[in-house]
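S.K.: Sharing a structure below in structure tokens format, with a few things to ask.
Bear in mind these aren't lab numbers, they're just calculated from the coordinates by the rules spelled out. What you are looking at is a predicted structure, and each value in this text was computed from that prediction instead of being measured. Using ideal geometry, Cβ is built from the backbone for each residue, glycine included, and neighbour counts are taken over all protein chains shown.
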Amino acid sequence: MSKKLMTRTAGLALASLMASTMIGGAMAEEDTIKVGILHSLSGTMAISETTLKDAMLMLIEEQNKKGGLLGKKLEAVVVDPASDWPLFAEKARELIEVNKVSAVFGCWTSVSRKSVLPVFEELNSVLFYPVQYEGEESQRNVFYTGAAPNQQAIPAVDYLMSEEGGAVKRWVLAGTDYVYPRTTNKILEAYLKAKGVADEDIMINYTPFGHSDWQTIVSDIKAFGSAGKKTAVVSTINGDANVPFYKELGNAGIKAEDIPVVAFSVGEEELAGLDTAPLVGHLAAWNYFQSADTEVNAEFIDTWHAYTKDDKRVTNDPMEASYIGFNMWLKAVEKAGTTDSDAVIDALVGVSVPNLTGGYSAMMPNHHITKPVLIGEIQEDGQFETVWETSGLVAGDAWSDYLEGSKDLISDWRAPLSCGNFNTATGKCGGSGS
Amino acid sequence: MSFLKSFLLLLCLLTGFSGAVIAQEDLESLRPLVNALAEGKFKETEQQVADLAATGNPAVAPLLEALGNGDLQFRKSDKAVFITRSAGKGYQLIDPLTHEVAGEASRSEVTKIKVNNGLRRSIRAALGSLTLMAKDPDVRKTAAAAIFKAKDPEAIESLDTAIAKESDDDVRLVMEQARAAAVLNSDGGDADRLEAIDVLASMGNRDALSLLTGFAASAEGEQKAAADKAITRINKSLALWGNAQNIWYGVSLGSVLLLAAIGLAITFGVMGVINMAHGEMVMIGAYVTFMVQEMIRSSAPWLFDYSLLIALPLAFVISGGIGMAIERGVIRWLYGRPLETLLATWGISLMLQQAVRSIFGPTNQEVGNPSWMSGAFELGQLTITYNRMWIIVFALLVFAGLMLVLKKTPFGLFTRAVTQNRRMAASMGIRTPWIDALTFGLGSGIAGIAGVALSQIDNVSPNLGQGYIIDSFMVVVFGGVGNLWGTLVGAMTLGVVNKFLEPYAGAVLGKILVLVFIILFIQKRPRGLFALKGRAVEA
Amino acid sequence: MMTSFLFRTLDARAGIFIGLMLAAIILVPALNLLVPEGSTFHVPTYAVTLMGKYLTYALLALSVDLVWGYCGILSLGHGAFFALGGYAMGMYLMRQIGTRGVYGDPILPDFMVFLNWKELPWYWYGFDMFPFAALIVLLAPGILAFVFGWFAFRSRVTGVYLSIITQALTYALLLAFFRNDMGFGGNNGLTDFKDILGFDIQAGTTRAGLFAASGLALVVCFLICRAVTRSKLGKVLVAVRDAESRTRFLGYRVEHYKLFVWTLSAMMAGIAGALYVPQVGIINPGEFAPANSIEVVIWVAVGGRGTLVGAVLGAILVNFSKTWFTAALPEIWLFALGGLFVVVTLFLPKGLLGLMDKGWSALRRRPAKDTAAHGAEPQPAE
């Protein structure tokens, strides 16, 4: 009796084992170049990341229309890491080992990037990371096409401190409690103090993910702003929590003329869920706005609308970063003549491609890129209007000069240095330790 | 929406000035100043705005209003400045001074005159001085408030004239406050300033505090002493109001929790179904609101203020219908196996989320506040936002309505009978399966109308429900499963406790403490706040 | 009569299970390491890690089945114990990084350096030693479960109330671990591990070894669970599950029994977490998410509650389908997964194992006796 049961159980177990090895054994066919797309399509981050998946598919389709790459067609491999961080690592491994992709475009949150880093290092593949982040990282296999803090946070604060920005003297640093706001606020705090802002003129506040009841905090901001000095809020509040925050802000009557809020994580996509009329004049700092008045941007928006068959779909900064990253990869592969990781990684440094705001972005030796920094004010139609921009391009700084642990560190992946965390004080690669 | 508002305001302004006959040449003398706006950066524009305001010409007011709203554009070909209004694919051009239609232009032919926050501030101040004598008391009040913010000493004179003429007490008070602010900012004499400090002290709000603190930092002698005294007074009263404010915030948070949980109190509390798809019912209600608003926006914009009232019954029917479908299709096979309902409804919840994501896309959808739900009013030193207030009212109404249905209607009687003793109820001739379906539908429908309300303060995205499901379960369990009063008291208690903890512990720690509090509370009262008594307890 | 029959089938089942597990422990690493890569019999490292992860999930499911299937305690917070075990292991792995972190600080983990911490917090002491970390892997979940259970069971918190406060527990821990001030890396958690017990964590041999260790842990814990459930104590547990008051009136100290099995189960979940972390390379507060704990319960239900083997089967099967769906149907996989849960609850009330038994009895043309009757008959929530 137990024999038959045994064969059944064994059969089932074997089947599942076989199936998983089959996935493992499936070989990539050689007539296309595969590109992995690692963005969450379900779970909490789907709200932001799905757009980037669509943008990547669009870019790949466009490139195939132009004849592909190295005479081959590009093929997108889409997986869903489901906003589950360990799953990101697993899926990254699957893309590289099983699907044999040549490069991966993906991740949004810092933790997803941290989760996949060891995988890319171990399997020596290439990741393009298209989102603004906290910096303090430079990895050989990763190319950061989003903004580092010095390409977003510091110029924004500079603007607000200027006469034109309102000569702000008192600062609320409000953020969601995770690593990007923590680090950005650390950097800003050090920066503000260096600029002579007193301790009591800085208020730091952290809220949990998805925080939806902002009454207390908005009234705290109001109270903090009534000390007779010009006050501004620097918001690193994460995606989901922004809508209730701005709704509360609008209803509580905090006007941009009185207490402006400058946000680093609010773009066109986030505003699409909001009635922006009460928010006109609040600010955001990015490297791209949909309103950028250039030909290449107009073309990009048209393609996007045609691809999504939706005239109202907005574009945003991480999409531009994906666009830049993708074009850089194309150029580097052409330059190297192969998709081999080592060759592409070497070829990428120094590559320069047009961005959507009318200039060129170049890949720096620290695997960050040069970008213009724009400050935009929210308009009634949910778009931003650029009110200020840096005069030239700003190069991304992997290691902040305003943090104790990283002020001596630099990154340069070119030979002979080839080091992501070279310590200029000790003259050694490998961080600040002894 | 807000274009409409500003347009109405514009209209008001125009009618306000129609009394004054404005000579044509006066207007034309402004023309060069107006057309100058087409040139220069923010700084220069700011100066131009000041120049325009200095003319004192009332025709400047609507012009500045348009500039502030971003409706002022110049034609690229001849740098002539116009007020523009969207018309089809392009703009209708309106002469900024005579307000006559001056032709049309495509989007590429004109360029917007950019404004930033600094400019908006100067426009607000300029408008304040210009409209201080307008006919409409609301406009005068706004003007005075604008001067208060700008605290421009040069406005004192015009304020004095305006105060002397003012017939409306409310408006006069605001004007006096504006004057006080301006006086503190000027180099007026001792007596004048002390009087101003008094006026501000009696205002007693944050704006006054802000002014006084700024003033006290640089003042000396008697003035400083008076200002310091006023500051202490205001701070004291604000601290008192702070407590009232915490209670209000707590009740407001409690009402949100109540709304989110009350449907669950029926499906889970009364029927015993561990309904993990409850949050998705709330989400569906929010999406119904979104669809109603979309339809209204595209075909009947004048109905926008009623959008929520239209959405309520629809959300109730749609969520309730889906709820009944779930009950008939899945849950009815699981009675007597309540824990298994957890698994099935979890699966349903995943599918509903994905369905919404596939249909509407993963991004947030815009649900606007109707005008009666936006903005805030002041009650003493308490700022009460309309949307929060209506949500509290709405939550209590839903609760009362539900109580009525359950206690006073035959359906309520049947529901209670079925949940208390299914077999006996069936023996008495009640169609228990039908009642089950209806009850589940009722619970889901109420979740749906909760979604309508929550769409006003939160994201409308496929994840909406996930954010509320855990809190809802906490509320129901804390209050006592099966007891609606428990849900009410539970929601309010948790809301208020949370809001009193938040200022001290911060939002994150506050929430953790509330959870620990719930865990400890359940140790003390293992059946929740209002435990059901009787034999059902040990079933 | 009934029970003896039951145990006989369990015996057979357990035999098969242990046999299969041992075979996998030997075969998979062997096929991975010894067979060359081109061969059809080669198991890629990717698959080894994946299966290793499944095994740790299986162990977690086993621990839930022990309390839910045999003692009627529906825990919606077992993910907390899993994550605590994982964090203990993660802290050990963090300390092993030493100067290889990006800042090269010999003592402080990277996230502390960039948050400007100067000293290692006291609760990080000792984690540089593996035995200490291993002890904490057991003790942290164990002590938490003991304290929590001691209060809850003594106050006679039962049924759905207990389920919800276990959920509150894991939710509170989730929020707490999110806080960067706690010193556990906040949302990013602990990552970038280099080696474990001196072996390179990325090496194929280490991965195979971790797979084998997970398999072994699963077998050992399975045997412990079986010993517990088959002993007299196990019978009391079943009695508690089926009629708690009656058992109490018979003179048993119900809360002691519950507390024992609850703590034991939490420790097993901790071990599962500890083995999980080095294989996936990251531990972060997401593991505390209430949704994860609910999913574990679903694995158990899919496999068949109260059967131990069913829990393992369910965990492996659901996770395998998840892996497969997220790659094959990235846009709509939630429909498939959600549908699976609904179908299983509706049509397979006793889980997959119940289905097998049914098929088995039909095959034997026996009167359709419910072999797993006591196992799959769930209790009312109240």
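S.K.: Between C:D242 and B:D305, how many nm apart are label points set 7 Å from Cα along the C-beta direction?
M.R.: 6.8
S.K.: May I ask for the distance between the Cα centers of segment C:187-255 and segment A:303-334, given as a whole number of Å?
M.R.: With segment C:187-255 and segment A:303-334 each reduced to a Cα centre, they are spaced 48 Å.
S.K.: Under a point-charge model restricted to the Cβ atoms of Lys and Arg (+1) and Asp and Glu (-1), what is the dipole moment magnitude of segment A:153-263 relative to its Cα centre, in debye to the nearest 20?
M.R.: Around 140 debye, computed over segment A:153-263.
S.K.: Among A:K65/A:K312; A:K66/B:K112; C:K235/C:K322; A:K72/C:K194; B:K236/B:K499; A:K195/A:K407, which pairs are too far apart, with a Cα-Cα distance over 27 Å?
M.R.: Violating the 27 Å limit, Cα to Cα: A:K66/B:K112; C:K235/C:K322; A:K72/C:K194.
S.K.: Binning at 5 Å from 0, report for segment C:10-152 what percent of all alpha-carbon pair distances ends up in each bin.
M.R.: Percent of Cα pairs in each bin: 2, 8, 11, 13, 13, 15, 14, 11, 7, 4, 1, 0.
S.K.: Using a Gaussian network for chain A with springs between C-alpha atoms less than 10 Å apart, which of these wobbles most: A:S322, A:S226, A:S361?
M.R.: Of the options given, A:S226 has the highest mean-square fluctuation.
S.K.: Right, another one. May I ask you to derive the relative contact order of chain A, considering only C-alpha pairs under 8 Å and at least 6 residues apart, and to give it as an integer percent?
M.R.: 15
S.K.: Additional query: Roughly how crowded by other chains is peptide C:196-206, in terms of the mean Cβ count from those chains within 10 Å of each of its Cβ atoms?
M.R.: Taking the mean over all residues of the peptide, I get 1.
S.K.: In a Gaussian network model over chain C where Cα atoms closer than 10 Å are linked, find which of C:A58, C:A274, C:A152 has the largest mean-square fluctuation.
M.R.: Of the options given, C:A152 has the highest mean-square fluctuation.
S.K.: Convert each backbone phi in segment B:343-353 into a coupling constant with the Karplus relation 6.51 cos²θ - 1.76 cosθ + 1.60 (shift: θ = phi - 60°), then list the ³J(HN,Hα) values in order as whole Hz, x for Gly and Pro.
M.R.: Working through the residues one at a time gives 5, 5, 5, 4, x, 4, 4, 4, 5, 4, 4 Hz.
S.K.: Suppose we keep just the alpha-carbon trace of chain B; what are its Rg and Dmax in angstrom?
M.R.: Rg and Dmax of chain B, Cα atoms, are 29.8, 93 Å.
S.K.: Kindly provide log₁₀ I(q)/I(0) values, in the same order as q = 0.11 Å⁻¹, from the Debye equation applied to equal alpha-carbon scatterers of segment A:340-415.
M.R.: -0.43
S.K.: Looking only at Cβ-Cβ distances, which cysteines of chain A have no other cysteine closer than 4.7 Å?
M.R.: Isolated Cys, chain A: A:C107.
S.K.: Right, next: How large is the dipole of the protein assembly as shown about the Cα centre if only Lys and Arg carry +1 and Asp and Glu carry -1, each at its Cβ, rounded to the nearest 20 debye?
M.R.: 7480
S.K.: Sort the following peptides by mean Cβ neighbour count (other Cβ atoms within 10 Å, averaged over residues), highest first: A:383-392, B:381-390, A:167-176.
M.R.: The most tightly packed comes first, giving A:167-176, B:381-390, A:383-392.
S.K.: Here is a further query. Given the C-alpha centroids of segment A:170-184 and segment C:110-152, what is the distance between them in whole angstrom?
M.R.: Between the Cα centres of segment A:170-184 and segment C:110-152 lies a distance of 27 Å.
S.K.: Mind checking which of C:L59, C:V342, C:L355 is farthest towards the positive end of chain C's charge dipole, using Cβ charges of +1 (Lys, Arg) and -1 (Asp, Glu) about the Cα centre?
M.R.: Checking the options against the dipole of chain C, the answer is C:L355.
S.K.: Something else about it: Under a plain spin-label model, where a point goes 7 Å from the Cα along Cα-to-Cβ, how far apart in nm are A:D401 and B:R85?
M.R.: 5.3
S.K.: Something else now. When the helix-only estimate is applied to chain A (DSSP H runs of n ≥ 4, each -39,500 (n - 2.57), divided by the residue count), what is the mean residue ellipticity at 222 nm, nearest 500 deg cm²/dmol?
M.R.: -12000 deg cm²/dmol
S.K.: Provide the FRET efficiency to the nearest 0.05 for the B:A50-C:N116 pair, computing r from the beta carbons and using R0 = 35 Å.
M.R.: It comes out at approximately 0.15.
S.K.: Using amide H atoms built in the peptide plane, which far-off residues or other-chain residues are under 5 Å from A:V77 H to H?
M.R.: A:V35, A:G36, A:I37
S.K.: May I pose another question? Say each of C:K358 and B:W333 gets a label point 7 Å from the Cα, pointing the same way as Cα to Cβ; how far apart are those two points in nm?
M.R.: Output for this residue pair reads 0.9 nm.
S.K.: Something else now. Of B:L438, B:V496, B:A38, which is farthest on the positive side of the dipole of chain B, counting Cα position, with +1 on Lys and Arg Cβ, -1 on Asp and Glu Cβ, and the Cα centre as origin?
M.R.: Sorting the options by dipole projection puts first B:L438.
S.K.: Give, rounded to the nearest 20 debye, the magnitude of the charge dipole that segment C:83-156 has about its Cα centre when Lys and Arg contribute +1 at Cβ and Asp and Glu contribute -1 at Cβ.
M.R.: Computed charge dipole of segment C:83-156: roughly 340 debye.
S.K.: With θ set to phi - 60°, apply the Karplus curve 6.51 cos²θ - 1.76 cosθ + 1.60 along segment A:83-93 and write out the HN-Hα couplings as whole Hz, x wherever there is a Gly or Pro.
M.R.: Coupling constants for segment A:83-93: 6, 10, 4, x, 5, 4, 5, 5, 5, 4, 4 Hz.
S.K.: Peptide A:267-275: average number of partner chain Cβ atoms within 10 Å per residue?
M.R.: If you average over the peptide's residues, the count of other-chain Cβ atoms is 4.
S.K.: Follow-up. Once you keep just the Cα pairs under 8 angstrom separated by 6 or more residues, what percentage relative contact order results for chain B?
M.R.: Reported as a whole number, the value is 15 percent.
S.K.: Which far-off residues, 5 or more places away or on another chain, put their amide H under 5 Å from the one on C:I201, with H placed in the peptide plane?
M.R.: When sequence neighbours closer than 5 places are left aside, the close amide H contacts are C:D195, C:I196.
S.K.: I need to check one value: relative contact order of chain C, counting alpha carbon pairs closer than 8 Å and at least 6 residues apart, in percent.
M.R.: Averaging sequence separation for qualifying contacts and normalising by length gives 30 percent for chain C.
S.K.: While we're here: Provide a whole-number value for the mean count of partner chain Cβ atoms within 10 Å of the Cβ atoms in peptide A:110-121.
M.R.: Across the residues of A:110-121, the mean count of other-chain Cβ atoms within 10 Å is 5.
S.K.: List every residue whose amide H lies under 5 Å from the amide H of A:K428, counting only residues 5 or more places away in sequence or on a different chain, with H placed 1.01 Å from N in the peptide plane.
M.R.: Amide H neighbours of A:K428: A:N423.
S.K.: Does the protein assembly as shown come out rounded, prolate or oblate, given a ≥ b ≥ c as the square roots of the eigenvalues of its C-alpha gyration tensor, rounded meaning a/c under 1.5 and, failing that, prolate meaning a/b above b/c?
M.R.: It is prolate, given that a/c is not under 1.5 and a/b is the larger ratio.
S.K.: Considering the options B:G320, B:V282, B:Q293, tell which one lies farthest towards the positive end of the dipole of segment B:268-347, charges being +1 on Lys and Arg and -1 on Asp and Glu at the Cβ, about the Cα centre.
M.R.: B:G320
S.K.: For segment B:515-526, just list the computed ³J(HN,Hα) in residue order, Karplus coefficients 6.51, -1.76 and 1.60, θ = phi - 60°, integers in Hz, with x standing in for Gly and Pro.
M.R.: Each residue of segment B:515-526 in turn: 5, 4, 4, 5, 4, 5, 4, 5, 4, 6, 10, x Hz.
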